[in-house]
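Where a number appears in this text, it was derived from the coordinates with a stated rule and is not lab data. Quantities reported herein were computed from a predicted structural model and do not represent experimental measurements. Because the Cβ atoms are built from the backbone with ideal geometry, glycine has one as well, and the counts that use them run over all protein chains shown.
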Amino acid sequence: MKKEDFDRIYMEYHKLVQHVAFDILQDHNLAQDVCQEVFIKLHQKIERLDENLIKGWILRNTHRKSIDFWRKSYRKREIPVVGENIEGALVSEYLVEKETECRRKEFRNFLLDELKEKNPLWHDLMVRVVVENEPASEVAREYGLSELGMWMRLSRARRWLYANYYQSYRKPKGPSDR
């Protein structure tokens, strides 16, 4: 395709891109930003793309970019800035992030302690396989379990944690949960 085709493609697909992005983000401004990003990328790569595949390329990139924007907006925290104190706002945002991270660690440790009281084997498997990312086959072998048996125990541990603690500490739904 040629760069001259860009205007025609933009006029044909820009509303579709905004609609798909809005379905994911539920925000018109972010949907317009996604549309802009997708068409900037299209303009850069238009000569290497096949015109028969352009709609699929646009939709795939819209979906990916929307998910990226959603993740960024989920993490973004607005902090009121008094006057022109930008440095203070940045420090405040950093402190909010650190406090949130500390709370997550405390909650994770609390959950692991509760799990250890419930079932020490579940706790050991969870810590080694999920938290420390040790190879599942080696951990199962050390405990004399089949790998399937170990995964079943981890599944039970997760279900127990979910039933007893997760409901009261739910995160907001993401775009894939809708």
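A few notes on this one:
- Estimated distance in nm for a label pair at residue 6 and residue 48, the labels positioned 7 Å out from Cα along Cα-to-Cβ: 1.6 nm
- With neighbour counts taken as other beta-carbon atoms within 10 Å, the residues 20, 34 rank, fewest first, as 20, 34.
- Order of 58, 46 under a 10 Å beta carbon neighbour criterion, fewest first: 46, 58
- Residues 113, 23, sorted so that the one with the fewest Cβ neighbours within 10 Å comes first: 113, 23
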